[in-house]
Amino acid sequence: MPFFRTREPNYQRSREVGFNWDNFAGGLNTLFEETEIADNELAQAENIMLIGKGIPTKRWGTSLYFNGSTSGAVRAMSGFYQVDGTNQLLAITDDGYLGRQNGSTFTQIAGVSWASGYNIEMSQISNDMYFVGGNREMARYSNPTLVGFPTIAQPSSVGASQLSGASGSHAHSYRLTHITAVGETLPTSAVVLNTQPEDTINGTIRVAWTNASTASGIRKGTNIYKGDLGSETFVTSLDGESIFWLDNGTAVPALFSFPPTVDSTGGANAKYIVRFGDRLVLAGINNDPTLIMISGAEPLHERFDFGSNGGFVRIEPDSGDDVTGLAVKGKKIIVFKERSVWEITLSQRAYKEVNNITLTALDPQVELITGSIGCASQRSIQQVENDILFLATGGKGVYVLGNEAGIIGDILRTNEVSVKVRPFFESLTPDQEQNSCAAYFNNKYFIGIPSKDQTMVFDRERSAWVGPWTFDARIFHIYYDSSDNAVLLKGNDDGPGVQRIHQSYPDDNGTKFDTILRTKRGDWGDWSRFKNVRDILTLWRNLSGSISVDVRLEEKTGNTLTAKSFNVTTSAGNSGWGADQWANTQWGDTEEKGEARDLSEVLRYATLNKMARNIQFIIKTTTAGANYELMRIKGEGNILGEERRLSWKV
């Protein structure tokens, strides 16, 4: 007799599953697929920033701070902080003139002009601002005077004669140069005095010359080089009015301090300038792309000759690896090239002791940091706390230069910090890389790409990227205003406007921008199983305007569809009180817009009861007044039985 089971089987409820995304501190990740990124990462974060423990919200907006001129892109910008405690904000645009902020417009400063289409860099020492770039020699602004540095001629009519002492079989050769505030002429032809003793300590030789004719104060001095013919080195420097020198053997030629091979009296035609302590450092020299020029210490910071304790060094000359930027880290000058990064330390080399006084000359020491990456743009280089961030060449992304943990000593290393968003940087053209600019403000590294209208943001506090933000810049700058407030500014690449970036602005200079946040495609812990997506819950804070939410599900067919769309809106408002005017009375901030805002937490949920393999949320705002803080997203549902569709079989 057949046996039949008559007992009703026990009911087994399908296993409950869910997810709870309570922060997005991992930021943007475009390196991995949307199904591969972590729960706290985002697949899209356009015009988004992170606050708190990783809460997404709308980014800051922009507003006009002042116009740098009447036309052209902003090519230079810097605060000028004078010793009397007053500040000026300076800018140069493609119209070629220096402008000083005057309210929302500018006051033009005459004296020097620059060619359009070139970036200009600035650096301040004492009460002077120095300018390089713009395809011209260095210039100086000392309020209210803006001047360049003209090229001057060499000394002339140089002669040498013995006034006293014995004769001998040695020949002394002399060559002379003039020096200006910024450079040195080429040397004169050698003047040789024969039949002299090798050491002139027991006699005197008179060297005389005629000074080059210049405007008052331009000719700062005369350098004299002495030695065997063809091997003369620096021996002494005299003031600009001297017309002779008596060589009595007490001044000793310096080792390796040879006469210049190029006239630099017109001020070096350089691209890059940084301040190193009380010295200026120049690079990107016209027709000498690996030369680094180092000035004397203040007050000789405008002079780069050995007599002023300045100097120079070439880093791998004729290698085809040109200098692309400069930075300072502690007691080191960091030199960025197209394919390598170097460090320079300055020391003094003793070359002679005279009357118990040791004579020294500046001796730059060069060391390679890395030969595997280079820097694309001077303006991408930013000091970030104790490290330096910069954009590498060839689509390699943003790197950090600093002291690596676990390594003893002052040894610098480079590491990439943009791995998660590398596809963005791989998409840049060489021109976009070279024109990139950056700033570090409020623990965020901003890097803008002119012509792409996009800026990426690295949140250092959370080690996370967000963006792109839909604006770019030709230059960023942090200006300290008369109240000593730090103001983040950007110079436009499509006009003369300088705009402030600030959290109080809901739009970009009056133009609204959209935000898009896209989460991962979450599979509830099992990518192969389908689930019954029962409920989804969202928690919001500080709502204003209307926020749209799309819930996307992947169906059995493999297609992804929008299973639910809804708007999250506010119930409270602040229009009237606190926003401009109530009738004819001013009550609040004139820049604030009347808007509805929920300051408390707001919960929104939806019941779906849909079968899906994974789930994704897309959150958008499309008006200037819309904003939110997304606190949590939670989902609840059940795992369904294992399914093997016939169409999947191979």
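The values are calculated or read from the model by the stated rules, or taken from the named source; none is laboratory data. Only a predicted model underlies this, so the values are computations on that prediction, with no experimental measurement involved. For neighbour counting, all protein chains shown are included, and Cβ atoms are generated from backbone atoms with ideal geometry for every residue, glycine included. Remember, those area values only see protein heavy atoms, side chains included, never the ligands or the DNA or RNA. Shrake-Rupley method; radii C 1.70, N 1.55, O 1.52, S 1.80 Å.
Residue count for region 623-642, restricted to those that are more than 27 Å from SER544 (Cα to Cα) and acidic (Asp, Glu): 2. Residues in region 98-128 that are crowded, with 20+ Cβ neighbours inside 10 Å and in contact with a Ser or Thr (Cβ under 7 Å, 6 or more places away or on another chain): GLY99, PHE106, MET122.
Criterion applied to THR107, THR86, THR93 was being of a type in the set (Ser, Thr, Tyr) and over 26 Å from the mean Cα position of the chain (by Cα), and the one residue passing it is THR107.
Quick grid of which residues meet (1) charged (D, E, K, R); (2) closer than 29 Å to ASN287 by Cα:
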site	(1), (2)
ASN119	no, yes
ARG136	yes, yes
GLN154	no, yes
GLY168	no, no
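Screening VAL281 against (1) crowded, with 19+ Cβ neighbours inside 10 Å; (2) at pLDDT below 95 leaves a single unmet condition, (2).
Count of region 61-95 residues, restricted to those that are in contact with a Ser or Thr (Cβ under 8 Å, 6 or more places away or on another chain), open to solvent by 30 Å² or more (accessible area, probe 1.4 Å) and outside any strand (DSSP E or B), is 5. Within the span defined as region 271-278, one or more residues are open to solvent by 20 Å² or more (accessible area, probe 1.4 Å), of a type in the set (Ser, Thr, Tyr) and in contact with a helix residue (DSSP H, G or I) (Cβ under 8 Å, 6 or more places away or on another chain). Of all residues in region 279-308, those satisfying the criterion of being under 22 Å from LEU238 (Cβ atoms), assigned to a loop (DSSP other than H, G, I, E, B) and out of contact with any helix residue (DSSP H, G or I) (no Cβ under 8 Å at 6 or more places or on another chain) are ALA297, GLU298, PRO299, HIS301, GLU302, ARG303, PHE304, ASP305.
Of the set (1) more than 26 Å from VAL323 (Cα to Cα); (2) in contact (Cβ under 8 Å) with a residue 24 or more places away in the chain, all apply to TRP114 but (1). What residue, among those in region 525-548 that are among the aliphatic types (A, V, I, L, M) and more than 14 Å from THR57 (Cα to Cα), is most open to solvent (accessible area, probe 1.4 Å)? So the residue we want is LEU537. Against the condition within 23 Å of ARG279 (Cβ to Cβ) and surrounded by 20 or more Cβ atoms within 10 Å (Cβ to Cβ), how does HIS172 come out, does it pass? Answer is no for this residue.
Residues of region 96-122 that are within 16 Å of VAL147 (Cα to Cα) and in a loop (DSSP other than H, G, I, E, B): GLY96, TYR97, ALA110, GLY111, VAL112, SER113, TRP114, ALA115.
One residue is enough: does region 523-537 have a residue meeting the conditions touching a strand residue (DSSP E or B) at 6+ places or on another chain (Cβ under 9 Å), within 24 Å of LYS444 (Cβ to Cβ) and outside any loop (DSSP other than H, G, I, E, B)? Taking every residue of region 523-537 in turn, none turns out to be touching a strand residue (DSSP E or B) at 6+ places or on another chain (Cβ under 9 Å), within 24 Å of LYS444 (Cβ to Cβ) and outside any loop (DSSP other than H, G, I, E, B).
Among the residues making up region 171-186, none is at pLDDT 95 or above and in a loop (DSSP other than H, G, I, E, B). For region 314-330, the set of residues classified as part of a strand (DSSP E or B) and either on the phi > 0 side of the Ramachandran plot or buried (at least 20 other Cβ atoms within 10 Å of the Cβ) (or both) consists of VAL323, THR324, GLY325, LEU326, ALA327, listed by residue number. Of the residues examined, LEU608 is not one that is at pLDDT 90 or above and either open to solvent by 90 Å² or more (accessible area, probe 1.4 Å) or not in a strand (DSSP E or B) (or both). Looking across region 244-262, just one residue is in contact with a helix residue (DSSP H, G or I) (Cβ under 6 Å, 6 or more places away or on another chain), part of a loop (DSSP other than H, G, I, E, B) and closer than 23 Å to GLY165 by Cα, and that is GLY249. For region 454-476, filtered to residues that are assigned to a strand (DSSP E or B) and β-branched (Val, Ile, Thr), the residue that is surrounded by the most Cβ atoms within 10 Å (Cβ to Cβ) is ILE475.
When ILE373, ILE344, ILE333, ILE388 are screened for being within 22 Å of the chain's Cα centre (by Cα), closer than 26 Å to LYS420 by Cβ, assigned to a strand (DSSP E or B) and in contact (Cβ under 8 Å) with a residue 12 or more places away in the chain, only ILE388 passes. Looking across region 187-243 at every residue that is assigned to a loop (DSSP other than H, G, I, E, B), open to solvent by 30 Å² or more (accessible area, probe 1.4 Å) and among the hydrophobic types (A, V, I, L, M, F, W, C), the one that is modelled with the lowest pLDDT is identified as ALA215.
Scan region 465-473 and give yes if some residue there is among the β-branched types (Val, Ile, Thr) and within 24 Å of VAL335 (Cα to Cα), otherwise no. Checked region 465-473: no residue is among the β-branched types (Val, Ile, Thr) and within 24 Å of VAL335 (Cα to Cα).
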